[in-house]
1. Counting just the residues of the range 132-158 that are part of a helix (DSSP H, G or I) and over 29 Å from the mean Cα position of the chain (by Cα), which one comes out surrounded by the fewest Cβ atoms within 10 Å (Cβ to Cβ)?
2. Restricting to the range 30-75, what's the tally of residues that are part of a loop (DSSP other than H, G, I, E, B) and within 20 Å of the chain's Cα centre (by Cα)?
3. Is it the case that the range 174-181 has a residue that's assigned to a loop (DSSP other than H, G, I, E, B) and more than 19 Å from the chain's Cα centre (by Cα)?
4. Name every residue in the range 26-57 that is modelled with pLDDT under 95 and surrounded by fewer than 17 Cβ atoms within 10 Å (Cβ to Cβ), in order of residue number.
5. Mind checking which residues of the range 350-389 are assigned to a loop (DSSP other than H, G, I, E, B) and within 25 Å of the chain's Cα centre (by Cα)?
6. Identify, from the list 86, 97, the residue that is surrounded by fewer than 24 Cβ atoms within 10 Å (Cβ to Cβ), touching a helix residue (DSSP H, G or I) at 6+ places or on another chain (Cβ under 6 Å) and within 24 Å of residue 337 (Cβ to Cβ).
7. So which residues in the range 110-131 are surrounded by fewer than 21 Cβ atoms within 10 Å (Cβ to Cβ), within 18 Å of residue 217 (Cα to Cα) and under 19 Å from the mean Cα position of the chain (by Cα)?
8. Quick one: residue 80 ticks every box in (1) in contact (Cβ under 8 Å) with a residue 24 or more places away in the chain; (2) closer than 19 Å to residue 30 by Cα; (3) assigned to a helix (DSSP H, G or I) bar one, so which box is it?
């Protein structure tokens, strides 16, 4: 099984040097790309079926192709790696940035060449000190070897890369809020259209891609779209960084073929549930995705398969709910996070998420009323897609709406008994 993103990582966890990366084939994709036209690079990525790995799954080449080209386009253009990774339960990008930073950097440079960007940014979460150290070193080495700067490898293409360490709000992971943060203003989502590809950072054409997405690009260009598609078990191309956290025997993150089943991830790679614990639910793609259950174990972890069963692939990093954890308490914990991280720009999100938290706190503390569940269900509709300025609130209510669907008896038991039953069983929830 080929694992292009991780097969050359060092066993000691230290970042690959530029020499180690080059010996493993690094920067050959860039060299090949510079012999192609930008349109040919975009077409190769399009043929590979690479979809964004940050959660939305938008076709990467389509985003690149939306960026205007030609001599009359306002410059500079920008290309940005969204490396914020503040989705609860998600830790895949950290591994790639920390252990193989040149892979991300090469992908950023190739994407910059594809859209004729003169400046690239690495937008990094403030807490990722290890990743920041690795990426700073990689940028310095790339300049020294001529992979960045003026006239890269004698091609006539020039590009500079800068790193920005975020102040650390979840909303900065939304691409237009990220652009505002880079500009030094309040990080709130922008109205669209215009889209960033036409009018982004400082009003110039800008493409924002997830760190894992960009890390795939050098391998696609170096080995071809047909090879990349052959790595997958689904129509979506390539491999995927999948993660599992919770009460499993071996939590972690692994690179596997796109379309690997939940069962394989849970039972083979995470080695199953810890002794004494049973599976109750699965949040498949980070905290802002809908719960699935044991009945969904054989569903493929790809974009279309997840959508068909009422959830999303998201970041591909599963959070496991076991039989010793109160689902009401778990959802309350998630909603507290989302309410705190709301940028406050639109009323449904600013007012609705704290209202949800207040109701869940009452239920968890034994003060719930029978009508509370109807109110919560109303919120899942009122804060749903198309009702808010960005997708923060719709994502926030996904675990709530699915918990009400699959674990409704737990909510009802809290209300009926006027307490959290899990506190009696475990002394905690």
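1. First, the residues of the range 132-158 that are part of a helix (DSSP H, G or I): 132-145, 152-154.
Those still in the list that are over 29 Å from the mean Cα position of the chain (by Cα) too: 144-145, 152-154.
Numbers: 144: 11, 145: 15, 152: 20, 153: 14, 154: 8.
Looking at residues that are part of a helix (DSSP H, G or I) and over 29 Å from the mean Cα position of the chain (by Cα), I get 154.
2. The initial filter retains those residues of the range 30-75 that are part of a loop (DSSP other than H, G, I, E, B), namely 34-37, 48-50, 52-58, 66-75.
Applying the additional criterion that residues be within 20 Å of the chain's Cα centre (by Cα) yields 48-50, 52-58.
The total comes to 10.
3. So the first thing to find is which residues in the range 174-181 are assigned to a loop (DSSP other than H, G, I, E, B), and the list is 174.
Filter once more, so that each one left must be more than 19 Å from the chain's Cα centre (by Cα): none.
No - not one qualifying residue is present in the range 174-181.
4. Residue satisfying the conditions is 56 alone.
5. To start, the set of residues in the range 350-389 that are assigned to a loop (DSSP other than H, G, I, E, B) comprises 365-371, 383-389.
Those that are assigned to a loop (DSSP other than H, G, I, E, B) and within 25 Å of the chain's Cα centre (by Cα): 383, 384, 385, 386, 387, 388, 389.
6. Of 86, 97, the one residue that is surrounded by fewer than 24 Cβ atoms within 10 Å (Cβ to Cβ), touching a helix residue (DSSP H, G or I) at 6+ places or on another chain (Cβ under 6 Å) and within 24 Å of residue 337 (Cβ to Cβ) is 86.
7. None - no residue of the range 110-131 is surrounded by fewer than 21 Cβ atoms within 10 Å (Cβ to Cβ), within 18 Å of residue 217 (Cα to Cα) and under 19 Å from the mean Cα position of the chain (by Cα), so the list stays empty.
8. Here residue 80 clears every test but (3).
The values are calculated or read from the model by the stated rules, or taken from the named source; none is laboratory data. Note that this is a predicted model, so its numbers are computed, not measured. Glycine gets a Cβ as well: all are built from the backbone with ideal geometry, and neighbour counts include every protein chain shown.
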